[in-house]
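Following: one structure in structure tokens, then a few remarks.
The values are calculated or read from the model by the stated rules, or taken from the named source; none is laboratory data. Everything numeric here is computed off the predicted structure, so don't read it as measured data. Positions of Cβ are backbone-derived with ideal geometry, glycine not excepted, and every protein chain shown enters the neighbour counts.
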């Protein structure tokens, strides 16, 4: 049965209807922008929004003398200030969106581990690309990789618009990278539903590196030239899209099969897009997406929000 793209929750999410959108919040500009994006997403899906500030006790480091180990010094004043920051942000968001359920909470512990744990009860986790306090240097090292690679739900990472990276257009397409793996198909479903909800086109990109001849297609048949090989790859992508085209007949979908690195192709495709989605891990052109430089390039250099999708 065809699904109306105006439904508040898409078919891939109905099993988790009622789960919250979790927002990593620390009061930084990027966190505020992430909250704004999450509220817009919630207005389309009807999901509750929960702000999460992860509070790490300050640790004393350095030379403290023979036999004296660094210790953690609780700062109750700082924690109360954090709680007030989150309470105020949640109250302002709720006042601006009276139709939404918006709450906030402060958690203790390492940010990556705490967010991963609470993502198990979330439909979506939204993070600013950089922050301060509990999320300082979020994308500078292992924290971002850990969150995006191990969260139990899709993760959207955003940065505040600037002169060099202007705001993504609201009428821009949704872009998704696919390679035929299960997680890339999950990313495809995520992207289809966002494009349908926003009533914008969907660009499906398959990045691949044609091997030296003789080349054999997905079905094992021989292909005599690169054009036939590319056509076979396009047919495989269109096969994955068939059920989505049936469910969302009004959605404009384009398929692009291009030789090249997935990071550079997706970063370039992010120009003028409002969202780019990828699977957490893949095969072929997207193998190791979150294990090396490709994911870092996409998250740090894409000119629009990035969604990293994994199977639950």
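Of the residues that make up region 116-126, is at least one in the same structural domain as residue 20 (by TED's automatic domain parsing), over 25 Å from the mean Cα position of the chain (by Cα), at pLDDT 90 or above and surrounded by 14 or more Cβ atoms within 10 Å (Cβ to Cβ)?
Narrowing region 116-126 to residues in the same structural domain as residue 20 (by TED's automatic domain parsing): 116-126.
Adding the requirement that they be over 25 Å from the mean Cα position of the chain (by Cα) leaves none.
Scanning region 116-126 turns up no residue that is in the same structural domain as residue 20 (by TED's automatic domain parsing), over 25 Å from the mean Cα position of the chain (by Cα), at pLDDT 90 or above and surrounded by 14 or more Cβ atoms within 10 Å (Cβ to Cβ).
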Subset of region 92-130 (residues that are in contact with a helix residue (DSSP H, G or I) (Cβ under 8 Å, 6 or more places away or on another chain) and closer than 23 Å to residue 161 by Cα): 93, 96, 97, 124, 125, 126, 127, 128, 129, 130
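Table: residues versus (1) in contact with a helix residue (DSSP H, G or I) (Cβ under 8 Å, 6 or more places away or on another chain); (2) assigned to a loop (DSSP other than H, G, I, E, B); (3) at pLDDT below 90; (4) over 19 Å from residue 123 (Cα atoms).
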position: 1; (1), (2), (3), (4): no, yes, yes, yes
position: 5; (1), (2), (3), (4): yes, yes, yes, no
position: 15; (1), (2), (3), (4): no, no, yes, no
position: 21; (1), (2), (3), (4): yes, no, no, no
position: 26; (1), (2), (3), (4): yes, yes, yes, yes
position: 38; (1), (2), (3), (4): no, no, no, no
position: 43; (1), (2), (3), (4): no, no, no, no
position: 50; (1), (2), (3), (4): no, no, no, no
position: 57; (1), (2), (3), (4): no, yes, yes, yes
Filter result (at pLDDT 60 or above, in a loop (DSSP other than H, G, I, E, B) and under 13 Å from the mean Cα position of the chain (by Cα)) within region 285-310: 302, 304, 305, 310
Residue match in region 275-284 (condition: more than 17 Å from the chain's Cα centre (by Cα), assigned by TED's automatic domain parsing to the domain that holds residue 207 and either surrounded by fewer than 23 Cβ atoms within 10 Å (Cβ to Cβ) or modelled with pLDDT under 90 (or both)): yes
Residues that are in contact with a strand residue (DSSP E or B) (Cβ under 8 Å, 6 or more places away or on another chain), buried (at least 24 other Cβ atoms within 10 Å of the Cβ) and more than 20 Å from residue 268 (Cβ to Cβ), drawn from region 174-193: 190, 192
Test for residue 61: is it in contact with a helix residue (DSSP H, G or I) (Cβ under 6 Å, 6 or more places away or on another chain), at pLDDT below 95 and either at positive phi or not in a helix (DSSP H, G or I) (or both): no
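Please enumerate the residues belonging to region 169-228 that are at positive phi, modelled with pLDDT under 95 and within 22 Å of the chain's Cα centre (by Cα).
Residue satisfying the conditions is 180 alone.
Outside the structural domain of residue 194 (by TED's automatic domain parsing), at pLDDT 80 or above and over 23 Å from the mean Cα position of the chain (by Cα): is that true of residue 99 in this structure? Give the steps one after another, and end with the answer.
Working: outside the structural domain of residue 194 (by TED's automatic domain parsing): yes; at pLDDT 80 or above: yes; over 23 Å from the mean Cα position of the chain (by Cα): yes.
Yes: the conditions hold for residue 99.
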